[in-house]
Structures are given as C-alpha cells and as structure tokens.
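> There's a structure below that I have some questions on.
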Amino acid sequence: MRNVFFCECLCAMNSDWNPDRKDMDAFGPLTFSHSSKNAFHRIFKDEKIASCLFCTKTFVLPQDKTLFSTHLFRCHQFKIADTEKIASVSMYCEYWRSRFQTEPPEKICSRMISDTRDDGSRVSFLLLGDFVPEDKKLREDLQNKQLRWALRQQTIEREDKSFSRGCLMCRLQFIGCRADYLCHLSLLHNLQLGRPENLVFVDELLDLIELKIRSLQCLFCSKIFKNQIVLKEHMRKKQHKKINPKDTEFDKFYMINYLEVGKDWRQIQNEPDDELSNVENSDGYVSDGDWSDWQEDEDPVVCLFCDISSTFDNILSHMNDAHGFDFTRICVETVMDFYQQVKVVNYVRRQVYTGHCPCCNETLPNREKLLEHMNVKNHFVMPQKQLWDHPEYFFPTYENDSFLCHLNDCHDDIAELHLTQQMKEKCQVGSC
C-alpha cells in the first residue's frame, strides 16, 4: 500500500520541482515512536558503518539512518525501499556498491519519472527494492545469515556452564547455566522473561533489566518510583514482573524476530493459520472462513501539532477542540484534492518537528513554546499555499504516518460535506 502511495505521489509531482533549491535543508523520513512494528533495527552486532553506494561518504547506523536516506536521494537521486526490513544495511550497501561498479544501476533499478516540465525535461530517480529479484534474494540471504548468527550465539549460551551472576531480585550468587538462572527468576521471583529456549543474547537482556531496576523503573509500565521497596511492591501488586510485549526495545532478545524477512513476532502471530482459514465444506469447495467480525489492527493516528494519538476521527475532533484547527472544514472550503492534502500534512509535520511555526515560520525553542505561540498568534490556520505546495512534501516526514493513510476516506467525506454545504445554501436562498 505504501509503495503504491509513493509511486502515485511521484507521478503527481508538478513542474516546480527544483533539486537545487537552497531554502530547504536536507531532511529524511522520521518514524513515530508509538508503533514501529520493525522498530528493532535488524543489524548484526558488529555492524556500525555503512558506505554510500556511489561515493566515499560513510554513515554510522542506525543513528544516521535518516541522513543516509537523505544523502542518497539528494546527492544521487537514488532511494532504497524498506530499509528497516534489511537485516544488515552495511552488508547490503557493500554488495550493491560492488555490483554497480560492474553494471550500471539503470539496468537493475526502476526509474521513477515525474510529470514533464514546461521545458520538456523530467525529474527522475532510481528506486531499488525487493521487487528486483536480485535484491529480494540478497535480503533473504542477509536474513538467513543473521538467523544463523543468532542461532550460533544461542547455542554458545546454552552450552556455557560457567555462567555466573547475582540474582536480580535477591542476594543469591548463581553459578551454572543461563537456563537455570532464568528458571530461578521465574519460579522463585515470578519474573517472567520467556522460555529459555526462545531467548538469545541473555546476558545483554539481563543487563538491560538490571539497569531498569536500578533506575527504579517498572519493566512493564516504565513508571519511575522513589525507591526499590515501592518499585517491587508495585510490580508485585500490578503483576508487572514481566516484559511488556509492546516494548520493541526487547525484540532483539527473542528468536522469533529473526525468522522471516522484515517481520517481528507481532506480524507472525497475526498471520492466519492456513489449516483453519481454508476449511473444506461438504461440497468439496474450500471456504475462506467467516471474516464478518474481523477488524484490522490499525496504527494510531498522531495529531499534527502535539503528541496526542488515537483513531483518525478522534484526532480530527481533538485538533478542532484543542487547537481550533478543523482539518475537514478547511479542506472543504479550499476544495483540496488528495495530493494537496498530502503536501499540507507533510509540511505541517516537518515544521512542527523542526520547531518552526507552519504559518509564519518563526523558530521556537520547544514544542510547548511553539503551541503557545500558535495559540496566541491565532496561527492554527491553513498555511499559505506557496509555503507547502512543493513536490518535496509528497514524501512523508514520518514513514509510519497513519494520518496519510486516511486521506482517501477523508477526501470522500469532503465531497459529501461540500455537497451538504451547497444544499444548505440552496435551501437558505429558497427560503428567502
């Protein structure tokens, strides 16, 4: 779905695109922290540096992921699709860097071309992704290498009998194997970390848990408490002696997250069971089952101005009530099409992230001051078109921005509201 949206936006680019514009700093895609189904960066433990595919510039991963993507696009008109699903970005880049020295990337990648300019020229760039068979095989090979790497580490940990560590919850000094230590935590202290055979990098996992406990932070809800006694009592009463499954910080310690390319345990768990979904009826036909009560697990939508997240309808109401910004009404009044809505959302996201007022472009030191400024100056309004009507805003500021996924539906609602508004106006004229 995201790739289709991406291609549609590229095809809708207008003629004012200028890659040499100096008024915009290099800016890559971000990610909201609430979701990130692939938040665990699948990189090998010794991976740090990734080299550009075309020049000598290097990047430290995963810290420079955004700068890396931005550099490829700005400097080389090149984009790698779904980098978060690549097991080792460094090894991936090393392979394609060598490959492009023997064969031009134009013969391998897909070229994305925008609309023709008035002078007949076109803006284009190359897109590389798993739709290229060679790229798909490379990603699968890297995933398999990472899986074998994790399995080797797990085997070493299982066979190591010299493990020594003090208990996280009592004064016992434990010597033996890691599986027995984990069973001790589970049986004597009810600290549930998962089955030992499903875990890997156990020492690092225990270090992380110990750090959180010493920081007086609950493992499950992440609340901070004033001392160890209050923390342990809270975890006991609330049954928080376990890891929150939604906390992606712990994904790297569970083998299930290494099994398939670009998938973590949540996505694997939500996959339908073929044996149950394809049920053969009495006439010999295969039925897909009853999906009438199925509901899709959607990512929350984040407000354009603050950190509040909820469903799309609730966020629209929140922006209207809390910020006086009626997105639907504004789109109706300005008769904005889908692509204009995309550009407005991405523009506002970028301005708010960089601490600039979307209306007047004034720089504020933090989000709180920005919202205060916009409220005092009555700047919760639609920015002037010349500010956001640029092709760079076809690209999402946040890669997992669910707000954009609802704009199609919103556009249908806009048409309906526009028609209703016209009918009301006609009725008022008729009553006169």
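The values are calculated or read from the model by the stated rules, or taken from the named source; none is laboratory data. As the structure is a computational prediction, the values presented were derived from the model and not from experiment. Every residue, glycine among them, receives a Cβ derived from its backbone with ideal geometry; neighbour counts consider all protein chains shown. Quick note on the areas: whole protein, heavy atoms, side chains included, nothing else; ligands and nucleic acids left out. Shrake-Rupley method; radii C 1.70, N 1.55, O 1.52, S 1.80 Å.
> Looking only at the range 146-177, count every residue that is over 24 Å from the mean Cα position of the chain (by Cα) and within 30 Å of C109 (Cα to Cα) and tell me the total.
Selection size over the range 146-177: 2.
> Hey, L199 hits all of (1) open to solvent by 30 Å² or more (accessible area, probe 1.4 Å); (2) farther than 18 Å from C170 by Cβ; (3) touching a Phe, Trp or Tyr at 6+ places or on another chain (Cβ under 8 Å) but one; which does it fall short on?
Unmet condition: (1).
> Right, here's the next one. State which residue is nearest to M374 (Cα to Cα) when the search covers only the range 314-331 and only residues that are of a type in the set (A, V, I, L, M) and open to solvent by less than 10 Å² (accessible area, probe 1.4 Å). Talk me through it step by step, then tell me what you get.
From the range 314-331, those of a type in the set (A, V, I, L, M) are 315-316, 319, 322, 330; that's our starting set.
With open to solvent by less than 10 Å² (accessible area, probe 1.4 Å) added as a condition, the list becomes 315, 319.
On the way: I315: 18, M319: 13 Å.
Per the stated criteria, the residue is M319.
> What pairs come up if the first residue lies in the range 57-83 and is in a strand (DSSP E or B), the second is of a type in the set (K, R) and open to solvent by 50 Å² or more (accessible area, probe 1.4 Å), and their beta carbons are under 8 Å apart, counting only those six or more places apart or on different chains?
V60/K48
> Quick one: what pairs do we get from the range 164-190, first residue under 12 Å from L206 (Cβ atoms), second part of a helix (DSSP H, G or I), C-beta under 6 Å, 6+ apart or different chains?
Qualifying pairs under 6 Å: L168/E210; M169/H189; F174/Y181; R178/E157; R178/V202; L182/P196.
> Quick one: V345 ticks every box in (1) buried (at least 18 other Cβ atoms within 10 Å of the Cβ); (2) outside any helix (DSSP H, G or I) except a single one, so which number is it?
Checking V345 against (1) buried (at least 18 other Cβ atoms within 10 Å of the Cβ); (2) outside any helix (DSSP H, G or I), the one that fails is (2).
> Out of all the residues in the range 327-342, which are part of a helix (DSSP H, G or I) and more than 13 Å from F394 (Cβ to Cβ)?
Taking the range 327-342 as the starting set, the residues that turn out to be part of a helix (DSSP H, G or I) are 327-334, 338-342.
Passing the criteria: F327, T328, R329, I330, C331, V332, E333, T334.
> Mind listing just one residue for me: the one in the range 153-165 that is exposed (fewer than 11 other Cβ atoms within 10 Å of the Cβ) and of a type outside the set (S, T, Y) and, of those, farthest from L211 (Cα to Cα)? Reasoning before the result, please.
Here is the first cut: in the range 153-165, the residues exposed (fewer than 11 other Cβ atoms within 10 Å of the Cβ) are 156, 159, 161-162, 164.
Now narrow it down to the ones that are of a type outside the set (S, T, Y): 156, 159, 161.
Details: I156: 24, E159: 26, K161: 24 Å.
Among them, the one singled out is E159.
> Six or more apart or on different chains, Cβ atoms under 9 Å: show the pairs whose first residue is in the range 148-159 and under 18 Å from Y181 (Cα atoms) and whose second is of a type in the set (D, E) and open to solvent by less than 100 Å² (accessible area, probe 1.4 Å).
Q154/E197; E157/D203; R158/E197
> Among the listed residues I113, I108, I86, I80, which satisfies the condition of being among the hydrophobic types (A, V, I, L, M, F, W, C) and open to solvent by 60 Å² or more (accessible area, probe 1.4 Å)? Before the answer, list the steps.
On the way: I108 fails: open to solvent by 60 Å² or more (accessible area, probe 1.4 Å); I86 fails: open to solvent by 60 Å² or more (accessible area, probe 1.4 Å); I80 fails: open to solvent by 60 Å² or more (accessible area, probe 1.4 Å).
When all the criteria are applied, what remains is I113.
> For S402, are the conditions met, namely being buried (at least 17 other Cβ atoms within 10 Å of the Cβ) and either outside the structural domain of K65 (by the TED database) or among the hydroxyl-bearing types (S, T, Y) (or both)? I'd like the intermediate steps shown before the answer.
Values: buried (at least 17 other Cβ atoms within 10 Å of the Cβ): yes; either outside the structural domain of K65 (by the TED database) or among the hydroxyl-bearing types (S, T, Y) (or both): yes.
Answer is yes for this residue.
> Something else about it: What is the residue count in the range 353-394 for residues that are over 20 Å from M319 (Cβ atoms), among the aromatic types (F, W, Y) and surrounded by fewer than 14 Cβ atoms within 10 Å (Cβ to Cβ)?
Number satisfying all stated conditions: 0.
> So, one more: Within the range 84-193, which helices (runs of 4 or more DSSP H) (wholly inside it) include 3 or more residues that are polar (S, T, N, Q)?
Details: elements: 89-102, 133-159, 178-189.
So the answer is 89-102, 133-159.
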